[in-house]
Amino acid sequence: MTNTFNKVSESIRNASVWQQKYREIMLLGKTLPSLLTALKIDDALVPGCESKVWMYVEFDLTENVLVVAGDSDTRIVKGLLALILALYNGLTPEQVLQVNAYNEFEKLGLISHLSPSRGNGIKAMVEKIQTMAKQKLI
Amino acid sequence: MATILANNDNVDITMPELKFDITRVRHDFPTLNQSINACPLVYLDSGATTQKPQCVIDTTAKFYTDENANVHRGRHTLSENATIQYENVRAQTATYFGVNSNEIVWTKGATEAINLVANGLRKQVTANDTIIITPIEHHANLVPWQVLAQQTGAKLAAMPLNKDGTFDTELCLKFIKKQKPAIVAISHASNALGNITDLPAIIECAKSLGAIVVVDGAQSAMHLKPNLKILDCDFYVFSAHKMIGPTGVGGLYGRYELLNALTPYQTGGEMIQTVTLYESVYRDAPAKFESGTPNIAGITAFGAALSYLSQFRHAEIFEHEQAVFNYAHSRLAKIDGIYLYSSIKNNIGTLCFNYKDEHPFDLATLLDGYGVAVRAGHHCTQPLMAHLGINGSVRASFAFYNNYSDVDKFIDALQACIAILD
Ligand SMILES: Cc1ncc(COP(=O)(O)O)c(C=O)c1O
């Protein structure tokens, strides 16, 4: 697991009650820089979400590493996005495929946020990251 | 911003004594008696779907265990019994709404019923016609009319709506007289706000000008139990799952001559009189709209739901719902920073609200942590949200199985959520 992720998720891991967990998630969301308004376009929206989630997943061609950016109009989803970013940003395609977001969210007690019914866009983001990494390796 | 009722100390909080045997009723709904996230479930999402009493669950199981057969087909005992049962529930539904059995068509829900009417009217609508819709409609009662307008060249016209999401009946009547519509499609109660529409005046005015009035009754069918002959609309749609019945069942009421004049939009078996290779003669309504094998188990179970409701006088249910809703509304209005969009008068029991500029999604997620089930979002009413100047809201919707204690738990949880957010 990457050090960045361990560091950012520490306070969530240490939260003793769920209320504290959500407080930490929202605080984490606050540290995530907002996307420029010019980037908050409908084309970047994850479709079918109750909340608005904009996401950009690209590979930096020279460095061959993943660059993920995103934003949300809700505080909880924005915090969860920050976790995903910490998990995947800067990884090579090989490294991306070795990271299992489901396991990490499970360990943090947040797995329900990756369930298909949540419709919060986080699951879609993980899937897009995984698919892009796989395509890179073909 | 619409109605702002922050910290409104003028509102009296009253809790009239409930005559209704709510303890027994809650016992009949097994889903209610569980914990979510280690808290007792407070189910406030009946606007999306109601919970089901044990008798509905048992009837479904019994059908598949002992009674399963297709209807209107086999000449054997099970099939005959299933057919009798199926038609009995149609009669029961007709009685519930005060109409005739042959005026009830089974569908899979309100959405399909509206589509059936909108498609069925296509041959009768021309480019010179106007269809009145309203800004409060659920997308299910908007999109089919948009499609009909596109296909026929008819014009859509949106009924005027006050800033706060209520109708001014006088303005509506003026608008109808000016537009001279061929069709008026309107909800009996708003799913997002719970506000009840003043239908009698609107229906009388529209019909005096020759319009066909289609009422979306998805939200009113259980809470208001309208007598449709007295209401005098031409069509009315409902979903069983919002009336303590199963999902996948609903229906359309149509005044018989108008119903029978609709063109079927689905064709196939069971709906025909005679078929040759090149043409077919349809049966009369309702059969001609019920091609294919229907949801027999669901319809049978819906019969159990109607029987369950019929043990109460409707006024008893309504009074109880109103008492709990009024208590909830006045408690919510007292919380600082709450924006409340639902009117307290003429409401089926729905609270549509936001807290400061917090996202409804965050609030609903946190409420779920306390076992409180509410809906967050635009509630399939984007035009209404736009009208109110918001992106979405939290919606807490009540039913007769809710009690004062649900309200207390909801308000306590909400205050705890606010403490997390602030
Ligand atoms: C006012 C209104 N109309 C139509 C519908 C659609 O009902 P169904 O999804 O059961 O077809 C709903 C359901 O939410 C509703 O609230």
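The values are calculated or read from the model by the stated rules, or taken from the named source; none is laboratory data. If you're wondering where the values come from, they're calculated on a predicted model, not measured in any experiment. Don't worry about glycine lacking a Cβ; one is built from the backbone with ideal geometry, like all the others, and counts go over all protein chains shown. Heavy atoms of the whole protein, side chains included, go into the accessibility calculation; ligands, DNA and RNA do not. Shrake-Rupley method; radii C 1.70, N 1.55, O 1.52, S 1.80 Å.
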Practice task
Return the ratio Rg/(2.2 N^0.38 Å) for the range B:333-422, where Rg is computed over Cα atoms only.
Solution key: 1.04
Completion exercise
From the Cα centre of the range B:293-351 to that of the range B:182-240, the distance in Å is 17 Å
Exercise for the section: Please give the FRET efficiency for B:Leu209 paired with B:Ala91, using the beta carbon to beta carbon distance and R0 = 41 Å, rounded to the nearest 0.05. Expected result: 0.75
Handout entry: Of the GluC sites (Glu not before Pro) in the range A:18-70, those whose Cβ has at most 16 other Cβ within 10 Å and which sit in DSSP loop
Key = A:Glu63
Practice task
Using the Cα centre as the reference, give the magnitude of the dipole from point charges on the C-beta atoms of the range A:63-138 (Lys, Arg: +1; Asp, Glu: -1; all else neutral), rounded to the nearest 20 debye.
Solution key: 160 debye
Exercise for the section: Please average, across the residues of B:376-385, the number of beta carbons from any other chain that are within 10 Å of each residue's own beta carbon, and give a whole number. Expected result: 1
Practice task
Would you mind telling me the share, in percent, of accessible area of chain B contributed by carbon and sulfur at probe 1.4 angstrom?
Solution key: 51 percent
Completion exercise
Buried accessible area between B and A, both sides, 1.4 Å probe, in Å² rounded to 100, is 1300 Å²
Handout entry: Most fluctuating residue given options B:Asn391, B:Asn354, B:Asn195, as computed from a GNM of chain B linking Cα atoms under 10 Å
Key = B:Asn391
Completion exercise
In the range A:58-94, accessible area falls by at least 30 Å² from chain alone to full assembly (1.4 Å probe) for A:Asp73, A:Thr74, A:Arg75, A:Ile76
Practice task
Just flag the GluC sites (Glu not before Pro) in the range B:207-297 sitting in loop per DSSP whose Cβ has no more than 14 other Cβ atoms within 10 Å.
Solution key: B:Glu279
Problem - Of B:Ser239, B:Ser35, B:Ser46, the one that fluctuates the most in a GNM where chain B has Cα springs shorter than 10 Å - result: B:Ser35
Problem - Accessible surface, the range A:3-137, averaged per residue in Å² (probe 1.4 Å) - result: 51 Å²
Handout entry: Estimated D of chain B in µm² per second, where Rh is the Kirkwood radius over Cα pairs and Stokes-Einstein applies at 25 °C, 0.890 mPa s
Key = 109 µm²/s
Completion exercise
The simple spin-label model distance between B:Gln34 and A:Gln98, using points 7 Å out along Cα→Cβ, in nm, is 4.1 nm
Completion exercise
Across B:Pro200, B:Pro135, B:Pro144, the residue with the highest GNM fluctuation in chain B (Cα network, 10 Å cutoff) is B:Pro200
Problem - Where the Cα pairs of the protein assembly as shown fall when distances are cut into 10 Å bins, in % - result: 3, 16, 23, 23, 19, 12, 4, 0
Exercise for the section: Mind giving me the nanometre distance, one decimal, between the label points for B:Asn346 and B:Leu18, set 7 Å out from Cα along Cα→Cβ? Expected result: 2.7 nm
Exercise for the section: Could you provide, to the nearest whole Å², the per residue accessible area of the range B:69-310 with probe 1.4 Å? Expected result: 39 Å²
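Which sequence of B:Ile344, B:Ile136 reflects their accessible areas, 1.4 Å probe, from the largest down? Could the numbers behind the result be given before it?
On the way: B:Ile344 70, B:Ile136 5 Å².
Correct descending sequence by accessible area is B:Ile344, B:Ile136.
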Completion exercise
If the label point sits 7 Å along Cα→Cβ of B:Gln151, residues of the range B:103-131 with amide N under 13 Å come out as B:114-126
Exercise for the section: Counting residues in the range B:69-310 as N, plug N into 2.2 N^0.38 Å and put the Cα Rg over that result. Expected result: 1.02
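Mean Kyte-Doolittle hydropathy of -1.0 or higher plus an axial Cα length of 18 Å or more: which whole DSSP H helices in chain B meet both?
In chain B, the long hydrophobic H runs are B:77-97, B:296-310, B:314-333, B:404-421.
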Completion exercise
At R0 = 56 Å the Cβ-Cβ FRET efficiency linking B:Gln311 and A:Val65, nearest 0.05, sits at 0.25
Handout entry: Members of B:Lys207/B:Lys345; A:Lys107/A:Lys134; B:Lys19/B:Lys409; A:Lys52/A:Lys78 lying beyond 19 Å, as alpha-carbon distances in this model show
Key = B:Lys207/B:Lys345; A:Lys107/A:Lys134; B:Lys19/B:Lys409
Completion exercise
Other residues with Cβ under 15 Å from the Cβ of B:Gln54 give, with Lys and Arg +1 and Asp and Glu -1, a net charge of +2
Practice task
For B:His27 paired with B:Ser101, estimate the spin-label separation in nm (one decimal), with each label point 7 Å from Cα along the Cα-to-Cβ line.
Solution key: 3.6 nm
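Add +1 for every Lys or Arg and -1 for every Asp or Glu among the other residues with Cβ under 13 Å from the Cβ of B:Trp145, and state the total.
-1
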Exercise for the section: Roll a 1.4 angstrom probe over the protein heavy atoms and tell me the percent of accessible area of chain A that is carbon or sulfur. Expected result: 53 percent
Fill in the blank from the handout: Taking N as the number of residues in the range A:3-137, the ratio of its alpha carbon radius of gyration to 2.2 N^0.38 Å works out to 1.00
